[in-house]
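To keep things clear, I will list the structure first and then write my remarks on it.
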Amino acid sequence: MQKAYFCHMILLDGKIAALSVKNELKEQVAKLRADGKRAPHLAVIIVGNNGASETYVASKVKNCEEIGFGSTLIRLDETIDETVLLDQIKQLNDNEFTDGILVQLPLPKQIKEQKIIQAIDPNKDVDGFHPVNAGKLVQGLPTFIPATPYGIMLMLQYFNIETKGKHAVVIGRSNIVGRPISILLSSNIPNGNCTVTVCHSHTKNLKEICLQGDIIVAALGKPEFLKADMVKEGAVIIDVGITRVEDATAKKGFRIKGDVAFDEVAPKSAAITPVPGGVGLMTIAGLLKNTLQAYSNKYQNR
Ligand code: NAD
């Protein structure tokens, strides 16, 4: 039986929106090459062999290839000392032909994440995690917007979602998703100008707050957390969550679940992102845009 969806429900399809961004970038690279210039180059470092991280880095490298960027994948052993990673980052910082550097998180316990983030040259920090870039974001200065929030903004732009004056509820306050998306949505920028409520693990009355949300960004990492009774009719739902949930019937032994109970929330929504196939794909689009930006900044400053 067909499900009854909100009469104008838009599926915020990451495949379509990301393809549009990638096609634009592909054209820009082709133009650079036609002018005799080199292509932008992204270096990705992975430490250890966490299954999800492997998938993410493989996808980042593949997407670079698809649009004509150069890329280098550097693999380091799970047991390395922090200094090995710091040395590797230094080499990439000093390398004229590396425009963007990305260290895939999480890192093994012996390595301090903040130390690594701060070792990356802010001009090559295409993940936008360096405090210099995070600070610029807060002040509304040009910077590298962290890839996932950037991807969400690109998604809102692509689907022409009205945000001005809306109440956006962000669930999660991490440095990589919740905090930066809450800043962007409240900023005086296109697809911003929302009134934003940031919720987290100590928030009381989360359900009541969510019910006030015209836009809800779910980024807490709890599969199918946001249920239909927490969402008002006609809300725009952005599901950032990606969790591998064991499932013996699935080919890989697990399924990817978002933070939203899609089947029950979609019928009430005006627009909703699927998982997979939503924000994850836009994250890569954001990363690629940052890499081209890093490349362009380098040559503009000369
Ligand atoms: P995190 O663990 O760093 O942060 C989770 C946040 O959720 C915290 O701020 C916490 O306070 C809040 N939280 C936890 N339980 C809560 C509850 N019951 N009620 C309200 N708030 C609660 O996670 P993260 O790195 O921000 O990632 C969140 C999710 O997004 C994860 O599933 C992650 O895999 C996914 N993710 C997806 C992408 C993508 O490209 N789509 C990128 C990054 C992260």
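The values are calculated or read from the model by the stated rules, or taken from the named source; none is laboratory data. None of these values were measured; they are calculated from a predicted model. No Cβ is skipped: glycine too gets one built from the backbone with ideal geometry, and neighbour counts run over all protein chains shown. Calculation scope for accessible area: heavy atoms of the full protein, side chains included, ligands and nucleic acids excluded. Shrake-Rupley method; radii C 1.70, N 1.55, O 1.52, S 1.80 Å.
Here are a few things to note about the model shown:
- For the stretch 146-280, the per residue solvent-accessible surface stands at 45 Å², with DNA, RNA and ligands left out and a 1.4 Å probe.
- Residues in the stretch 34-59 that a label on Leu105 would reach, taking backbone N under 20 Å of a point 7 Å out along Cα→Cβ: 43-59
- Over the C-alpha trace of the stretch 190-296, radius of gyration and Dmax come out as 15.6, 47 angstrom.
- Lys26-Glu162 FRET efficiency (beta carbon distance; Förster radius 35 Å; 0.05 resolution): 0.75
- For the chain, convex hull volume per residue from C-alpha positions, Å³: 147 Å³
- A DSSP coil position with no more than 16 other Cβ atoms inside 10 Å describes the following GluC sites (Glu not before Pro) in the stretch 70-176: Glu78, Glu96, Glu162.
- Estimated FRET transfer efficiency (Glu54, Ala250; beta-carbon r; R0 25 Å; 0.05): 0.90
- Only Lys, Arg (+1) and Asp, Glu (-1) charged, at Cβ; the stretch 36-121 dipole about Cα centre in debye: 160 debye
- The largest accessible area among Thr195, Thr163 belongs to the first residue in Thr195, Thr163, and the rest follow in falling order (1.4 Å probe, all chains).
- Kirkwood-type hydrodynamic radius, the stretch 12-67: 13.0 Å, calculated from all non-identical alpha-carbon pairs.
- Along the stretch 136-150 the Karplus relation, 6.51 cos²θ - 1.76 cosθ + 1.60 evaluated at θ = phi - 60°, assigns HN-Hα couplings of 5, 4, 4, 8, x, 8, x, 7, 8, 7, x, 4, 5, x, 4 Hz to successive residues, with x for each Gly and Pro.
- Label zone (Lys112, point 7 Å along Cα-to-C-beta; backbone nitrogen cut-off 13 Å) within the stretch 160-204: none.
- Largest first, the three principal axis extents of the alpha carbons in the stretch 1-150 are 56, 44, 34 Å in whole numbers.
- Residues whose placed amide H lies under 5 Å from that of Gly48, excluding near-sequence neighbours: Leu76, Asp77, Glu78
- Of Lys62/Lys109; Lys62/Lys268; Lys136/Lys257; Lys115/Lys289; Lys112/Lys232; Lys15/Lys227, pairs whose Cα-Cα distance is over 31 Å: Lys62/Lys268; Lys136/Lys257; Lys112/Lys232
- Two-site label geometry, Asp81 and Leu211: point separation in nm, points 7 Å out along Cα→Cβ: 5.8 nm
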